[in-house]
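The values are calculated or read from the model by the stated rules, or taken from the named source; none is laboratory data. Note that the structure is predicted; figures quoted are calculated from it, not measured. Here the Cβ positions follow ideal geometry from the backbone for every residue, glycine too, while neighbour counts run over all protein chains shown.
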Amino acid sequence: MSENRLLNAIRGKAKNLEAEMSFFDHLEVLRWHLIRSAVAIIVFATVAFCYFERIWQGIIMGPKHAGFPTYRLLCKLGTLLNNPGMCIDKDLPGKIINTELAGQFSLQINSSIIIGITLGFPYLLWEIWRFVKPALAEKEQKAANGFVFFASSLFTVGILFGYYVVAPLSLHFLTNYEISPDIQNTFTIDSYLTSVATLTLVSGIVFQLPVIVYILASLGILTPKFMRERRRIAIIVIMIIAMLVTPTPDVTTMLVISAPLFLLYELSIGVAARVQARRLKKQQEFLNS
């Protein structure tokens, strides 16, 4: 009996050791995926650092100038709709200053890192997918096929929407908002960069909503019925966001902001419905077998 117990204990210890080694092997694989992703981000950040003067003048400072494409489009739209209040034909007010000794150098470093992360995001998704894919069954791999392309496309659209719509209109609202004409607006470069980067990146993340809904629906946490029942709340939240960032309180400009977000929410409901239908079909096939 004692010998059997000893053998069982040794076998149990061996199984535990094998599981631990397997776990650490997975950690090692994940580490190399993350290292490759970090290298890609560093490469993009280095390129951005080398061409920073063009990036600063043409991209980062773009929403501050009256010649920005969004402002020109609003002026044309205002002319067509006979609504001159939509036109933004002046540079945004306020002076941008630097208050720290290493402020401008830090600005270049931080901006390059942000650009590196933005450009390297699709590659990061691809590395994560390569790590997760072997753990999925063949049917699950087919169901999730195109995940990287779909998520990267949504992120790119979100970034463009944030940069060309949300960021410039938000900056116009914030820089023109005043409590008293006696107060002059002077902004630090960190404040300006943080505002542009946050509004742009958050939009890219928000556009990942269908991907998040797909994952939650696959886990059975979120259903299309729940999203349809909360549609009114979603509409109110979207309209409040659009009202806050639009330069004028007219309906047309608010729709320019809110329409893509409405479509995004409806697309997410469609994704959840498709996932639920597939889950119910699998359950029915299991019951019939």
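Among the residues of segment 151-164, some residue qualifies, meaning at least one is crowded, with 16+ Cβ neighbours inside 10 Å and farther than 21 Å from Pro210 by Cα. Against the conditions (1) in a helix (DSSP H, G or I); (2) surrounded by fewer than 16 Cβ atoms within 10 Å (Cβ to Cβ), Ala217 satisfies every one except (2).
Every condition in (1) surrounded by 11 or more Cβ atoms within 10 Å (Cβ to Cβ); (2) modelled with pLDDT under 85; (3) over 30 Å from Leu169 (Cβ atoms); (4) small (Gly, Ala, Ser) holds for Ser289 except the one numbered (1). Considering each residue of segment 141-152 in turn, at least one proves to be polar (S, T, N, Q) and more than 25 Å from Ser258 (Cα to Cα).
Inside segment 256-273, can you point out the residues that are under 27 Å from Thr70 (Cα atoms) and touching a Lys or Arg at 6+ places or on another chain (Cβ under 7 Å)? Matches in segment 256-273: none. Take the residues of segment 100-113 that are part of a loop (DSSP other than H, G, I, E, B) and not charged (D, E, K, R): which is nearest to Ile183 (Cα to Cα)? Top of the filtered list is Leu101. No other residue among Ser218, Ser152 is in contact with a Lys or Arg (Cβ under 8 Å, 6 or more places away or on another chain) and closer than 25 Å to Trp126 by Cα apart from Ser218. Pairs are defined by a Cβ separation below 7 Å, a sequence spacing of at least 6 or placement on different chains, a first member in segment 71-97 that is at positive phi, and a second member that is exposed (fewer than 12 other Cβ atoms within 10 Å of the Cβ) and at pLDDT 85 or above; the pairs so defined are Gly94/Thr186.
Against the test of being surrounded by 15 or more Cβ atoms within 10 Å (Cβ to Cβ) and in a loop (DSSP other than H, G, I, E, B), the options Leu264, Leu222, Leu201 yield a single qualifying residue, Leu222.
Just checking, how many residues over segment 133-152 are at pLDDT below 75 and under 21 Å from the mean Cα position of the chain (by Cα)?
2
Of the numbered criteria (1) at pLDDT below 90; (2) within 30 Å of Ile35 (Cβ to Cβ), the one Leu119 fails is (1).
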